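Some notes on the structure that comes next.
The values are calculated or read from the model by the stated rules, or taken from the named source; none is laboratory data. As the structure is a computational prediction, the values presented were derived from the model and not from experiment. Cβ placement follows ideal geometry from the backbone for every residue including glycine, while neighbour counts extend to all protein chains displayed. Side chains are part of the model used for accessible areas, which takes the heavy atoms of the whole protein and leaves out ligands, DNA and RNA. Shrake-Rupley method; radii C 1.70, N 1.55, O 1.52, S 1.80 Å.
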Amino acid sequence: MDKSRRISIMILAGTIILFIISWIIKSNALQTSGMEGSLAIRDAFLITLAAFLTLAIFSFLYKDNPYYKFAEHLFVGVSAAYWMCVGFWSTFVGNFIPKVSTSLSEFFKVPPKGFEIHYFIPLILGIMLLMRLSSKAGWLSRWSLAFIVGTTAGLNLIRYLRTDFITQVSNTFVPLLVDWKGIGPFFSDFSLSASGQAVMTLANWVIFVGVFSGLIYFFFSKEHKGFFGGASRVGIWVLMVTFGASFGYTVMGRVSLLVGRLTFLFSDWLGLVN
Amino acid sequence: MNNIGIIISVVIIVLGLLWLAIRSLTGREVERRIIFLFMGLAVSLPLIFNITFSEKATPVVRNIFNKIESLPAGSRILISFDYGPSMAPEVEPMSNAFIRHSLAKGHKVILMGLWATGQSLSATAVQDIIKPEFPDKIDGVDYINIGYKAGNQGVLNVIITDFRKMYATDVNGVNLDSVAIFKGIKSLRDMDLMISVGGGFPGVKEWVLFAADPGNIPLAGGSAAVSAPTYYPYYPRQLIGLLGGIKGAAEYESEIKKHYPRFADMPTPGIKMMGPQTLAHLIVMAFIVIGNLSFFFAKRKKIDG
Amino acid sequence: MKRNIPVAITFIVGTVLILSVFFPPVERMGEDFSIFFDIIAVFAFFLGGGNLLRIHSDKIYRKQKDWGFSVVTVVGFCFMLAAGLFKLWNPGGIAADVAAPGSLFQLMYNWIFNPLGATMYALLAFYVASASYRAFRAKNIDATILLVASFIILLGRTPLGMYATGWIPESFSILQIPNMAIWIMVSPNLAGQRAIMIGIALGVVSMSLRLILGVERTYLGVDNE
Amino acid sequence: MKLKLLILSCLLFIFTAPYASGQDEPAAMDSLDMETRLPAPITQLTAFDTDNDHGHSIELSWSPSVDDGGGKNTVFGYVIYRAASPDGPFEERGIQPLGETGYSDVGSKEKDSPSYMPDHTDYYYKVRTLTADSLIFSDSEIFGPIQCYGQWFNTSRIPELVFVIGFLMVAVVFINKARRGANLFVRRLAGIEAVDEAIGRATEMGKPILYVMGLGTASEIATIASFTILGRVAKKVAEYQTGLIVPCYDPIVMTIAQETVRSSYMDAGRPDAYNDDMVYFVTQSQFAYVAAVNGTMLRELPATNIYMGKFFAESLILAETGALAGSIQIAGTDEVAQIPFFVVACDYTLIGEELYAASAYLGREPILLGSLKAQDYAKAGVIVCALIGFISINLGWDSIAQLFQVPNAFFTNLFGGHN
């Protein structure tokens, strides 16, 4: 116990020393590249800090450790405050204040937009929500929750119906024979192109059968037996192809993110590559 | 440096994978940290040692290359910049490669854009590619940048009958009637090849529907990986070829490098970006194979035992 | 009473919003209600921030395990909150954008928030590898289909796919792996996505109706306080 | 003929002179040249109030200039002008490229907006035909007065209304059936059945259960569906006396989740075991939230992780860390792009619609089952519609397919989306 504690203190000291060394070297490097003294020291500190935080997160891949814990807790605190500030300035000061009070608008230097009485509705509901903190009037907060849920239900119902449902259904109307030109051309060209009718036709067939059987898989009130069972089986297979394909397709995007981070470490911080 | 780096990386990765494959033949699982380590190596080694892979062009890409090759020198090629800065990392290598190839082959290049943001990007291409790399090419004779005009596909509707109705001058305010390159050009129909680079609206699709199809003009495309699959129904009748995402760009770059010794040292962001990508994909595939190996051998062991 | 009024509120608000879609004079209610929602959410921030502070100060006070890290959270939170609410170091003063260049808020965003977020995001590259090792095993037909589809797509995105199958003539180019990968993306993948999306849309419609009719009301809690 | 044209253009010029700016002077001096190059104006300009809207918008339509695509072929485009009186002043409202024969003049409904367009006010329109030379153009006759106003009912949305009413009716029929005691079948949802088993396992191991609500705010249906499942899980947890951890991303979600869990504990008869700290707020930032939940997973080592709700790129980070911690994992989301990651990395996954069905499945109340049955009928309807549309398009009757057309950006959001 005592020994492991000593080791971790040594590692901590080492980290701090490395941090300071990196800071000094980086500020020298920035100064030689023509940056003003105090600015270089500041930027060197920030770059070093960002690099150490990056490494702290990466260390989680090995195992949970105090450096990750530090980065995580810092991240949680900073980010919670970040969204509070953005919400306060953009929504509260930007959308709410100008509609209810000219003097407050002047204080926050936002142009007033004319008084609108119904903007007191969210104010009242917001205060009701805060009633949660009191044990006696806590039930009032449910009124605001009811308002939120009602809004959600009303807005989403039509939105999904319009965009997802009707559009997707109409997109499934595809011709089953694409540009039929006779049997000869059909069976002689299996290229992925407009001239490969067989492939295009197959694609449309797969779309139609896939949507059909996929929907059958989502039938809840019918036992999946007989024809239904067979169709829903096919439905699962189509879904599996979808999942596998989407998974494989995203690998490139994910690797790009890692490339971005490593580029920061190798070039912005260490200056190994340009 | 480069060679040593490649050797070191290949040795590390190949030996490591071999060791893992042998281990998994006995049905043992690989620890997660080893997978992480391989992934880290697969991405960082190509970055540090600048490792690249030579791409073999798919027919969709090679068709465009062959088309530009087969046109007689002095043909007119129009390149439209239909993208903005956010899409640029993916498609800018494409427009640069097209410009290099066309100019090296001796074609006349006309740059334009259907996106407002495309104008500054085409100007950048003139500044960074044409001027330093082709100092003998003259603005207005060998190439011209006519810039962006508002109107989306409406612009195409106009210039398919007459350029001068939309474009009176180039970006520098020079009258199109006074430049040599525009002598004898009335409309898009006088182009020998049009290339649209971009992946949004307006983009390749609009070029097909409003220019290539009605005017029966050869069109090639370059687009972000996200939208590339949606353009395949136009290939090869309305679209002679298509570069999809950074991989398409890398294939085109390697095709140029193969045929043009003068471009041996040109920057190839496409190929470069594909380095870590390719290695990472190979690692993921290798782990799928190793995972299945250990799964099957573990199962067999269980049955035997 | 404590339970019926909230149910009535949900019913009225939901019905009015649905009807507003069909009646242009009240169409903008949807927009207004969305803004109201945002404003209420700002009040909720107090609840959230208060909860965060309470949990962590509790930990510190009770000297629970890892209480030292809770200090980090509290300090980071207060520091960022002060930087944002008082617009510290902001060159434009109170009238400027909260994240104006040069402000403390923007510096902290650029050099703490952003690198941490981007690195967490980048961890995905590692997890993609470990997930494909662990889970892509040909255990049964379903898993095999998943595995094969994903393998073809992966192969199609490397030069290997073209080296292996580039010899296939153009008239059979669908068998070239990069093309096969594209075909999978535009055909079966599309079909699966579409089936899921249609299902989800119906689920949302049905769930919304249940909420509006007051059938689904777990979120309201009980009434015997 | 030529004379006629000359007179016409002269007249036109006189007509347009008041609107022309001082720059037109040199053109006037060069009038001979101009006359020959003047394009014919557009004809038959009409305007009408835009249908199915809330007002503040007017539709224009016209017959194109004879020089548009034919004749002298000099037309470059059209500029739309509007004024409050026939004498002007006219202000520019928009530009249309050649070939276009219509324009919708949409103003703002906000009084303080510069483009505010009040209803029930007279407007006058004219359309100017432009050529490549900015000095040569011809104006149409003025159309007006015309007023814009709002309609009471949007007839273009009748299909949605029909669907909603139809769905409601089917649901009511089945709800009544179920109430009268008809036994409505619901197929097994493996993911939900696994929940009970997983809670039992957690109790045996003496480890808590981690319930992650995802990144949805309370304005997502998926999050609300998740509350129902949380209620069920919390009740079981209370009965088994297992621990429950619910880290939240959104403060409102946290509030609702606290209500839900508290009520479940009361239902289970163990209100004393409930503690507000079980459900706590973390932060409203995607990856900070993930960082914290990741830490919780490796420190508390929960026996079971349940992910229900809206998830984005973090889905795989969570599921892989959970697998590392050795937890059983059950997931459910309606975010199409993330389902693959859960399917790959979790033990059980509720795919899309199954997440919503889960609450009905758990409740087994007639009204819930009735709505589930209505959902299935709607799906059957989709299949029938698709078949009809499919057959009709293959027989060449495109008009039926047109009935279903809604402007869409399908391909743009297919592969993109939030990640």
Test result for C:K59, part of a helix (DSSP H, G or I), modelled with pLDDT of 90 or more, open to solvent by 50 Å² or more (accessible area, probe 1.4 Å) and closer than 24 Å to A:Y68 by Cβ: yes
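Yes or no, residue by residue, for (1) within 10 Å of another protein chain (Cβ to nearest Cβ); (2) among the polar types (S, T, N, Q); (3) open to solvent by 50 Å² or more (accessible area, probe 1.4 Å):
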| site | (1), (2), (3) |
| --- | --- |
| D:R93 | no, no, no |
| D:G102 | no, no, no |
| D:D112 | yes, no, yes |
| D:I136 | no, no, no |
| D:E141 | no, no, yes |
| D:Q147 | no, yes, yes |
| D:W152 | yes, no, yes |
| D:T155 | yes, yes, yes |
| D:G166 | no, no, no |
Failed item, numbered, when B:N216 is tested on (1) within 14 Å of chain D (Cβ to nearest Cβ); (2) among the polar types (S, T, N, Q); (3) under 30 Å from C:M180 (Cα atoms): (1)
Output the helices (runs of 4 or more DSSP H) that fall wholly within segment B:32-111 and possess 3 or more residues being closer than 25 Å to B:L188 by Cβ and in contact with a strand residue (DSSP E or B) (Cβ under 6 Å, 6 or more places away or on another chain), or say none. B:59-70, B:88-104
Failed condition for D:G214, given (1) over 26 Å from the mean Cα position of the chain (by Cα); (2) under 29 Å from C:T73 (Cα atoms); (3) modelled with pLDDT of 90 or more, with all others met? (1)
Inside segment D:293-322, can you point out the residues that are open to solvent by 10 Å² or more (accessible area, probe 1.4 Å) and under 18 Å from C:N51 (Cα atoms)? D:T296
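For the structure I just gave you, tell me whether D:K207 is touching a helix residue (DSSP H, G or I) at 6+ places or on another chain (Cβ under 7 Å), of a type in the set (K, R) and farther than 25 Å from A:P122 by Cβ. Steps first, please.
On the way: touching a helix residue (DSSP H, G or I) at 6+ places or on another chain (Cβ under 7 Å): no; of a type in the set (K, R): yes; farther than 25 Å from A:P122 by Cβ: yes.
Considered against the rule, which asks whether it is touching a helix residue (DSSP H, G or I) at 6+ places or on another chain (Cβ under 7 Å), of a type in the set (K, R) and farther than 25 Å from A:P122 by Cβ, D:K207 comes out as no.
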Search segment A:142-168 for residues that are closer than 21 Å to D:V336 by Cβ and pair each with any residue that is aromatic (F, W, Y) and outside any helix (DSSP H, G or I) when their beta-carbon atoms are under 9 Å apart and the residues are at least 6 apart or on different chains. A:I166/D:F404; A:T167/D:F404
Take the residues in segment D:366-378 that are touching a residue at least 60 places away in the same chain (Cβ under 8 Å) and at the interface with chain C (Cβ under 8 Å from one of its Cβ atoms); name whichever of them is most open to solvent (accessible area, probe 1.4 Å). D:I367
Have a look at B:G184, B:G173, B:G113, B:G106 and point out the one that is farther than 24 Å from B:L71 by Cβ and small (G, A, S). B:G173
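Return the only residue of D:I339, D:I317 being in contact with a Gly (Cβ under 7 Å, 6 or more places away or on another chain), part of a helix (DSSP H, G or I) and either in the same structural domain as D:T223 (by TED's automatic domain parsing) or aromatic (F, W, Y) (or both). Walk me through it before giving the result.
Values: D:I317 fails: in contact with a Gly (Cβ under 7 Å, 6 or more places away or on another chain).
Among D:I339, D:I317, only D:I339 is in contact with a Gly (Cβ under 7 Å, 6 or more places away or on another chain), part of a helix (DSSP H, G or I) and either in the same structural domain as D:T223 (by TED's automatic domain parsing) or aromatic (F, W, Y) (or both).
Could you please give the count of residues in segment D:109-135 that are within 18 Å of D:C148 (Cα to Cα) and out of contact with any His (no Cβ under 9 Å at 6 or more places or on another chain)?
Within segment D:109-135, the subset within 18 Å of D:C148 (Cα to Cα) is D:109-111, D:113-126.
Filter again for out of contact with any His (no Cβ under 9 Å at 6 or more places or on another chain), leaving D:110-111, D:113-115, D:120-126.
Result for segment D:109-135: 12.
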Looking only at segment A:139-161, filter to residues that are among the aromatic types (F, W, Y) and under 25 Å from D:E353 (Cα atoms); which one of those is most open to solvent (accessible area, probe 1.4 Å)? A:Y160
Does D:E220 satisfy being under 27 Å from A:M131 (Cβ atoms), open to solvent by 10 Å² or more (accessible area, probe 1.4 Å) and in the same structural domain as D:I328 (by TED's automatic domain parsing)? yes
Of those in segment D:114-133 that are surrounded by 14 or more Cβ atoms within 10 Å (Cβ to Cβ) and among the β-branched types (V, I, T), the residue farthest from B:D162 (Cα to Cα) is D:V127
Flagged pairs (Cβ under 9 angstrom, 6 or more apart or on separate chains; first in segment D:144-164, modelled with pLDDT of 85 or more; second open to solvent by 70 Å² or more (accessible area, probe 1.4 Å)) are D:I146/D:F48; D:Q147/D:H120
Inspect all residues belonging to segment B:239-246 and state whether any of them is over 16 Å from C:G156 (Cα atoms) and open to solvent by 10 Å² or more (accessible area, probe 1.4 Å). yes
If I filter segment C:91-111 for residues that are buried (at least 17 other Cβ atoms within 10 Å of the Cβ), in contact with a helix residue (DSSP H, G or I) (Cβ under 6 Å, 6 or more places away or on another chain), facing chain A (nearest Cβ under 7 Å) and free of Cβ contacts under 8 Å to residues at least 12 places away in the same chain, do I get at least one hit? yes
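Which of the residues belonging to segment D:152-204 are of a type outside the set (D, E, K, R) and within 27 Å of D:V343 (Cβ to Cβ)?
At the first step, the residues of segment D:152-204 found to be of a type outside the set (D, E, K, R) are D:152-156, D:158-159, D:161-176, D:178, D:181-186, D:189-192, D:194-195, D:198-200, D:202-203.
Those that are of a type outside the set (D, E, K, R) and within 27 Å of D:V343 (Cβ to Cβ): D:F185, D:V186, D:L189, D:A190, D:G191, D:I192, D:A194, D:V195, D:A198, D:I199, D:G200, D:A202.
Mind listing whichever residues of segment D:210-232 are touching a Ser or Thr at 6+ places or on another chain (Cβ under 8 Å) and more than 10 Å from chain C (Cβ to nearest Cβ)? Working first, answer last.
Filtering segment D:210-232 for residues touching a Ser or Thr at 6+ places or on another chain (Cβ under 8 Å) gives D:210, D:213-214, D:216-225, D:227-232.
Passing the criteria: D:L210, D:M213, D:G214, D:G216.
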For B:T58, are the conditions met, namely being crowded, with 22+ Cβ neighbours inside 10 Å, at pLDDT below 90 and not aromatic (F, W, Y)? yes
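Within segment B:28-52, work out how many residues are farther than 22 Å from A:F58 by Cβ and surrounded by fewer than 19 Cβ atoms within 10 Å (Cβ to Cβ).
Step one: list which residues in segment B:28-52 are farther than 22 Å from A:F58 by Cβ, which gives B:28-29, B:50, B:52.
Right, trim to surrounded by fewer than 19 Cβ atoms within 10 Å (Cβ to Cβ) and you get B:28-29, B:50.
So the answer is 3.
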Being open to solvent by 10 Å² or more (accessible area, probe 1.4 Å) and farther than 19 Å from C:D142 by Cα, is that true of even one residue in segment D:353-362? yes
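From the list A:G230, A:G226, which one is more than 7 Å from every other protein chain (Cβ to nearest Cβ), open to solvent by 10 Å² or more (accessible area, probe 1.4 Å) and at pLDDT 90 or above? Quick ask: steps written out before the conclusion?
On the way: A:G226 fails: at pLDDT 90 or above.
It is A:G230.
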Restricting to segment D:44-68, name every residue that is open to solvent by 60 Å² or more (accessible area, probe 1.4 Å) and either within 27 Å of B:S187 (Cβ to Cβ) or in contact with a His (Cβ under 6 Å, 6 or more places away or on another chain) (or both). D:V66
Which condition from (1) within 26 Å of D:D276 (Cβ to Cβ); (2) in contact with a helix residue (DSSP H, G or I) (Cβ under 6 Å, 6 or more places away or on another chain); (3) more than 7 Å from chain C (Cβ to nearest Cβ) is the one that A:R132 breaks? (3)
Test for C:A118: is it on the phi < 0 side of the Ramachandran plot and within 7 Å of another protein chain (Cβ to nearest Cβ): yes
Given (1) closer than 18 Å to D:T223 by Cβ; (2) open to solvent by 10 Å² or more (accessible area, probe 1.4 Å); (3) facing chain C (nearest Cβ under 8 Å), identify the lone condition not met by D:E335. (3)
